[in-house]
Amino acid sequence: MIVYHFLAAEFGLRALRDRRLKIARLNELNDPFEFFAADCTDNNTQIKLEEFKNEVNEQYGIVCFSERYDDPVLWSHYADHHRGVALVFEIPDDTAIRISYQPERFTLDVDAAIQRGSFQGFELNQLISTKFSSWNYEKEIRMMCRLSDHFCQIDSKGKKVYFESLRLEPYGVDALRLVGLIRGARCDLSPADIASELLAVDTLQVQDTRLERSSFQIVARESYPVSGERSFTACCFRV
């Protein structure tokens, strides 16, 4: 399926250069109710669920996408107020988790799960994929990533940062295939800026955007190819 990942221009270019995306951690996501969509009116339930969330946070991360690019709020929140870009990916359907937006929190028997030693599949799916209905505009699709399977770097603060690799080729083992880049309506990146971060063997379809004249939507213009200029050298990864 085709999905969109919004970034500031600087980080969009870095993703092209390093051919990877940063994996988000559960405890750092902007929604504090992540993994807490279950009813936690009982204090003991909340404590147990917090402990479980912390365990999952040490083992898994998330890469977030949207099903749409045309909502101006997405560009404002996640692409530097329309000055950034949306990277267009093709991802395997079986890795895509579609978020369910609900007005109320669901009931979960945490004690029973603790006694069994684990949550059942449908319970885990609810925890991973349920968000409050006000987030519905995001139309989020996410991929769960086992951290032990991914490249890790230590940042300037001594913190571990994990990355999901991406590819531009139609073949390969990486789940993320980059098929395009959409420039925000205020983005000042030029085709030359994009070409400078692509390898000479790469060609990427790029689209510019404009504000739709008769609705509150973002419209992408016809795509054009941008060919890479960078010779193949060892990538200098920066966190």
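FYI, it's all coordinate maths here, none of it is from the lab. Every value quoted in this text rests on a predicted model; they were computed, and no experiment measured them. Cβ placement follows ideal geometry from the backbone for every residue including glycine, while neighbour counts extend to all protein chains displayed.
Any idea what the relative contact order of region 2-227 is, in percent, if you count C-alpha pairs under 8 Å spaced at least 6 apart?
Working: 406 pairs, mean separation 61.6, N = 226.
That works out to 27 percent.
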Springs between alpha-carbon atoms under 10 Å, Gaussian network over the chain: tell me which of Glu67, Glu90, Glu50 tops the mean-square fluctuations. Glu50
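Of Lys48/Lys131; Lys131/Lys159; Lys53/Lys139; Lys53/Lys157; Lys22/Lys131, which ones are farther than 25 Å apart at the Cα? All intermediate terms of the calculation are to be shown ahead of the outcome.
Details: Lys48/Lys131 20 Å; Lys131/Lys159 28 Å; Lys53/Lys139 23 Å; Lys53/Lys157 23 Å; Lys22/Lys131 22 Å.
Checking Cα-Cα distances, Lys131/Lys159 exceed 25 Å.
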In degrees rounded to 10, the 0-90 angle between helix 43-59 Cα long axis and the longest Cα principal axis of the chain is 40 degrees
Sparse-neighbour loop sites [GluC sites (Glu not before Pro); region 160-223; at most 13 other C-beta within 10 Å; DSSP]: Glu212, Glu222
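Compute the Rg to Rh ratio over region 145-239 from the alpha carbon atoms, using the Kirkwood formula for Rh, and round to two decimal places. Don't skip to the end; give the middle numbers.
Numbers: Rg = 16.7 Å, Rh = 16.0 Å.
That ratio equals 1.05.
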Taking amide hydrogens as modeled 1.01 Å from N in the peptide plane, which residues meet the under 5 Å criterion relative to Leu108, leaving out close sequence neighbours? Asp39
Taking θ = phi - 60°, what integer Hz values does the Karplus form 6.51 cos²θ - 1.76 cosθ + 1.60 yield along region 83-90, in sequence order, with x for Gly and Pro? 8, x, 9, 10, 7, 9, 10, 9
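So for Tyr60, Tyr224, fewest C-beta neighbours within 10 Å to most, what's the order?
Details: Tyr60 17, Tyr224 11.
So the residues, fewest neighbours to most, are Tyr224, Tyr60.
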